[in-house]
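Working notes, structure below.
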Amino acid sequence: MNQSTRARQPTSAERPTVKRIPLSRQAPRAVVALWLFLGGALAPPAPAIPATSTATPSLDRASILFAGSRNYPPFEWETTDGEAKGFLIELEDTLAAQAGITARHQQMEWRLAPYALDHGEVDAVPMFISEERRKRFRFTDPFYYVTHAIYGRRNGPTAGDVADLAGHSVAVVGNSYAAEQLRGAAQTVQHLELEDIATALRAVDNGRADFAVLATHTTRRLIADMDLAIDQVSPPIWPRAYAFAVDKDEPELFRWLQHQLQLSHANGGYYRVYENWRKELEWHRPGIIEFIAKYSWLVAPILTVLLLVSLWSWLLHRRVESRTADLTQALDHRREAEERLAHAALHDTPTGLPNRAHFLEELTRLAAKHPAHELTVAAIRLNGIEEVILTFGNAVGMELLRAFGSRLYSYGFEAVGYLGSGEFSVASHRPLSPEHLIRVITVPVQLEQMEMDPRLSIGVVRDQANDSSEELLRKARTAVAAAAENRRTWQTYEPDIEPNPRDLLLLRDYWHRGTRDMEAYLQPQIDPVSGRVIGAEALVRWRHPEHGLLSPGVFIPVLEKSGIVYRVTEWMVDQAVQLARQYRQAGRPCPISVNIAASDILEHDVVGMVRATLARHQVPASDLRLEMTETGLITEPARVRGALEHLCKTGVECSVDDFGTGYSSLSYLSDFPVSAIKIDRRFVAGITGSSRLLSIVRTAVELAHELGLHVVAEGAEDGETVETLRSIGCDAVQGFVYATPMPAAEFDHYLLQHAAVG
Ligand code: C2E
Ligand code: MG
Ligand code: MG
């Protein structure tokens, strides 16, 4: 049997003193009753200290030996080192110490403890008071209360009362109060008397016993410690008082112990011990609050980590969000740019209306949509747009075009387009009556700063011949050209308004043959001072199978009017570039000028075409020049200027052709990136005979030079004219006086004879 001994000298605080017990420390009976009723595990101390003799009992020994259970926490237990611990142990130490003696402790299997006391092996044992035990022992005043309860397996059989235990096997601690009670209470209960509470619980857990009847708070504590699936299945039963039992034959010892116990209540020793063990004695299964309290030291770091994680996740989220927004924005920009490009490819910039190509597509779509219905197409020309631009400026001109375009758009035509040069086109399946159309569209256009009366020419065609979209539009434009020529507002297309039946035949042939029969003729441009070739103009000729060699004056205007001259331009640029390469390779470099129409620039990618051609033939851009008439420049100044700027950047120089036949505003033309003007032959031809013409040409030359432009004079037919041109400072002269336009092969010889300047 293990025996642990604890001995210490009492401190001054522990020495017996008479001390008033504070009221709050006294546990009134009502509190105890309430506690019992609630089934609490804890009985606050409830000393009922009777009056005793005034003489202080003494004990003539140096120590006193207490016995108790080896496993009855938190009251008493034995550690693995053999040390006795617990509330009772500390109380026993306190009682001994206050009398100046030593308490010794002997922890054993509980059922042996009462025997040990019976046999005088130990001096005192704390235990529940029972009638049975009173017969054997003498008890001090109670100093604690404990209840019992029935315990069973979770989800196992239930027993709310001791009577329910009949027929069941019930585990109890051997020689315990519960064992005594069961023995008397239910005959049919098979009780297993086991070593201690832990053993009894294990018996229930492993099914050896159905229930256990045990003292509550030690049991609850052990269930939690041992992590058993066992529950208290009954309300608390048998509240019992705890007291020290002493052998009946030891009255002196009894009196001494009773006295020490009373004294400990009086001097506060008992309460100090109780306070030391209060947490253990009042223990119950930790709830959420206790759990939080227990781990509160963890709360701050966990919250910090959570905060950091949330912050990090928030930042990540923000970054992802902002990156997503950036990407979405980039995609949106890209999509918008693509849409703008796609729109720009199909729409005219100033008016925002579909361009010629897009309008033709719309026509094809409309015709296919309602094949049974006749489609009417009208070309509407805003006459005098060039004058508006020259007089009021480009911005006003564009505003007029835009305003007029949106007016057309708002009339609900099924298709509206802008063909350039102040010419619009509309299409509808409804018949367009001249009166109606003229009435609705010929109303003043309200611009930002002024009101303008549009002067219109309208050409209309009905699709009766199942024409292609291109042919329909051509007919409408032919009608509008006829209307404008005859200064009429309205012209319906009739075959006989075609300018010349031969033109129609030419158009037909052009559709069939394209540029196949065409030839590029060259006319030299001469430096009047040195007489050397400084360039050449490429002039197209059509070697027609039936009509022979046709001058461009015969077919170019027809093709321009029909808006189909671009194929000639493309072909001529290609020819000119090839010839320039040939001359350069022969050691006689000679820049060649090609004539381009306004519609080429407005409706086609001339810049791209020129670059591609130069690249294809590996020819420097300075070997190609382009000529465009004044009228061509100012119909759509902004767009033409833009295209010329691109050409300039490429290195291709441009000149203003037929200067003097249009608006002849040099200050206006100088806004365009052109490097030369070509004075029209009608002026040149007259300079020798008319001093007025001479002074006009001289002034033009001087002004051009002031603006940094070269001057080429066209149509010089005699030496005198050349001499005059030289004297007024013309940079180059072109005319029959030197050579008529000639086939490329001939020009080669000409060049050989008149050394060109690179
Ligand atoms: P242009 O660009 O003003 O060309 C000059 C025209 O004047 C040429 O007529 C030329 O033969 C003619 N010419 C040159 N020197 C004299 C002269 O001393 N006296 C007279 N009376 N005439 C002279 P061509 O070759 O008949 O061309 C006529 C017009 O056709 C050209 O006028 C030009 O506007 C146009 N053209 C010619 N080739 C092309 C071309 O490839 N594309 C385009 N779009 N138009 C072209
Ligand atoms: Mg020309
Ligand atoms: Mg000319």
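Structure notes:
- Partners for Lys369 among aspartates and glutamates (Cα-Cα distance below 16 Å; same-chain residues under 8 apart left out): Glu361, Glu414, Asp463, Asp467
- With R₀ set to 35 Å, the beta-carbon distance separating Asp231 from Tyr295 gives a calculated FRET efficiency near 0.85.
- Farthest toward positive dipole pole in the chain [+1 Lys/Arg, -1 Asp/Glu at C-beta], among Trp297, Leu228, Thr635: Leu228
- Taking every C-alpha pair closer than 8 Å and separated by at least 6 residues, the mean separation divided by the residue count of the chain gives a relative contact order of 9 percent.
- For the range 730-739, the Karplus equation 6.51 cos²θ - 1.76 cosθ + 1.60, evaluated at θ = phi - 60°, returns couplings of 5, 7, 8, 10, 10, x, 4, 4, 8, 6 Hz by residue, with Gly and Pro reported as x.
- Checking every one of the GluC sites (Glu not before Pro) in the range 435-483 against DSSP loop status and a limit of 10 other Cβ atoms within 10 Å picks out Glu448.
- Taking all pairs of distinct alpha-carbon atoms in the range 618-758, Kirkwood radius in angstrom: 16.0
- Put a plus charge on the Cβ of each Lys and Arg, a minus charge on the Cβ of each Asp and Glu, and nothing anywhere else: the dipole of the chain about its Cα centre is then about 2940 debye.
- Applying 0.36 nm per residue to the separation of Ala330 and Arg278 and subtracting their alpha-carbon distance, the gain on full extension is 11.7 nm.
- Accessible surface of Ile302 - all protein chains present, 1.4 Å probe, nearest 10 Å²: 90
- Think of the chain as a dipole: +1 on every Lys or Arg Cβ, -1 on every Asp or Glu Cβ, centred on the Cα centre; then among Pro73, Val565, Leu473, Pro73 lies furthest on the positive end.
- The slack between Glu361 and Asn466, meaning 0.36 nm per residue of separation minus the straight C-alpha distance, is 36.2 nm.
- Solvent-accessible area of Lys369 with every protein chain in place, 1.4 Å probe, in Å² to the nearest 10: 130
- For the range 334-350, 3J(HN,Hα) computed residue by residue from phi via the Karplus equation (6.51, -1.76, 1.60; θ = phi - 60°) reads 5, 4, 5, 4, 5, 5, 5, 4, 4, 5, 5, 5, 10, 10, 7, 5, x Hz, glycine and proline entered as x.
- 5 angstrom amide H check on Leu214, placed H, neighbours 5+ away: Ala149, Tyr151
- Rolling a 1.4 angstrom probe over the chain with all protein chains present gives an accessible area of which 52% lies on carbon and sulfur atoms.
- In a reduced charge model with +1 at each Lys and Arg Cβ and -1 at each Asp and Glu Cβ, the range 575-688 shows a dipole moment near 520 debye about its Cα centre.
- Residues with amide H under 5 Å from that of Ser63, placed H, sequence gap 5 or more: Thr102
- The residues of the chain present an accessible area of 48 Å² per residue when probed at 1.4 Å with all protein chains retained.
- Amide H to amide H, with H built 1.01 Å from N, Ile230 comes under 5 Å of Arg154, counting only residues 5 or more places away or on other chains.
- Scalar couplings 3J(HN,Hα) for the range 78-84, obtained by applying the Karplus form with A = 6.51, B = -1.76, C = 1.60 to θ = phi - 60°, are 10, 6, 5, 7, x, 8, 7 Hz; x denotes Gly and Pro.
- Here the sum of -39500 (n - 2.57) over DSSP H runs of 4 or more residues, divided by the residues of the chain, equals -14000 deg cm²/dmol at 222 nm, to the nearest 500.
- Mean Cβ neighbour count within 10 Å, used as a protection proxy, ranking 74-82, 191-199, 235-243, 673-681 highest first: 673-681, 191-199, 235-243, 74-82
- Of the residues Ala203, Leu331, His191, the one whose Cα sits farthest toward the positive end of the charge dipole of the chain, with +1 on the Cβ of Lys and Arg and -1 on the Cβ of Asp and Glu, is His191.
- Here the dipole of the range 663-753 is about 260 debye; that uses its Cα centre as origin and unit charges on the Cβ of Lys and Arg (positive) and Asp and Glu (negative).
The values are calculated or read from the model by the stated rules, or taken from the named source; none is laboratory data. The model shown is predicted, which means the values in this text are computed figures rather than measured ones. Don't worry about glycine lacking a Cβ; one is built from the backbone with ideal geometry, like all the others, and counts go over all protein chains shown. Keep in mind that these areas ignore ligands, DNA and RNA; they rest on the heavy atoms of the full protein, side chains included. Shrake-Rupley method; radii C 1.70, N 1.55, O 1.52, S 1.80 Å.
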